[in-house]
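First up is the structure itself, then whatever we jot down about it.
The values are calculated or read from the model by the stated rules, or taken from the named source; none is laboratory data. What you see is a predicted model; the values in this text were computed from it and never measured. Neighbour counts run over all protein chains shown; Cβ positions are idealised from the backbone, glycine included. These accessible areas exclude ligands, DNA and RNA; they are computed on the full protein's heavy atoms, side chains included. Shrake-Rupley method; radii C 1.70, N 1.55, O 1.52, S 1.80 Å.
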Amino acid sequence: VLSTANGSDPAPFTVFAPTNDAFGDLLTELNVAVLDDIDEATLTATLNHHVVGGANVVAAQLSDNMTITTLGGDITANVSGGASLTDANGRVSSIIAVDVQTANGVIHVIDKVVLPNLN
């Protein structure tokens, strides 16, 4: 999906990219050894929760209690006290780097993997 050229559906993209440490923490949280231990449907849904299609959303456009519709579902942004995202499970991820502009969108780096509703 992310290789879609800018101006082609669904580009541009806004991507909330977890750090390597965030993926390591996820493995611990889910009690699995490697990403291959996560079933494909859950992994795909998880990755889709990090991508907004059709929007190049820069940090200045984020606001408190802002609903962000990703390719996998809604997450909530907050900026007071430091920019963060909250997933459907109430897990909070801090946005630690913003506005990395690319040819087909923008990347914001986060310190925790956003998860779909696990219930």
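Per-structure values
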read-out: Residue tally, condition open to solvent by 40 Å² or more (accessible area, probe 1.4 Å), outside any strand (DSSP E or B) and not small (Gly, Ala, Ser), over region 58-116; value: 9
read-out: Any hit, region 75-90, residues being among the hydroxyl-bearing types (Ser, Thr, Tyr), closer than 20 Å to Asn20 by Cβ and within 10 Å of the chain's Cα centre (by Cα); value: no
read-out: Residue match in region 30-42 (condition: outside any helix (DSSP H, G or I), crowded, with 18+ Cβ neighbours inside 10 Å and of a type in the set (Val, Ile, Thr)); value: no
read-out: Qualifying residue in region 13-22 (condition: open to solvent by 40 Å² or more (accessible area, probe 1.4 Å) and within 19 Å of Asp111 (Cβ to Cβ)); value: yes
read-out: Residue count, region 3-12 (criterion: surrounded by 15 or more Cβ atoms within 10 Å (Cβ to Cβ) and of a type in the set (A, V, I, L, M)); value: 1
read-out: Test: residue in region 47-57 that is open to solvent by 70 Å² or more (accessible area, probe 1.4 Å), of a type in the set (A, V, I, L, M) and at pLDDT below 95; value: yes
read-out: Count of region 84-117 residues which are aliphatic (A, V, I, L, M), over 24 Å from Ala11 (Cα atoms) and in contact with a Ser or Thr (Cβ under 8 Å, 6 or more places away or on another chain); value: 1
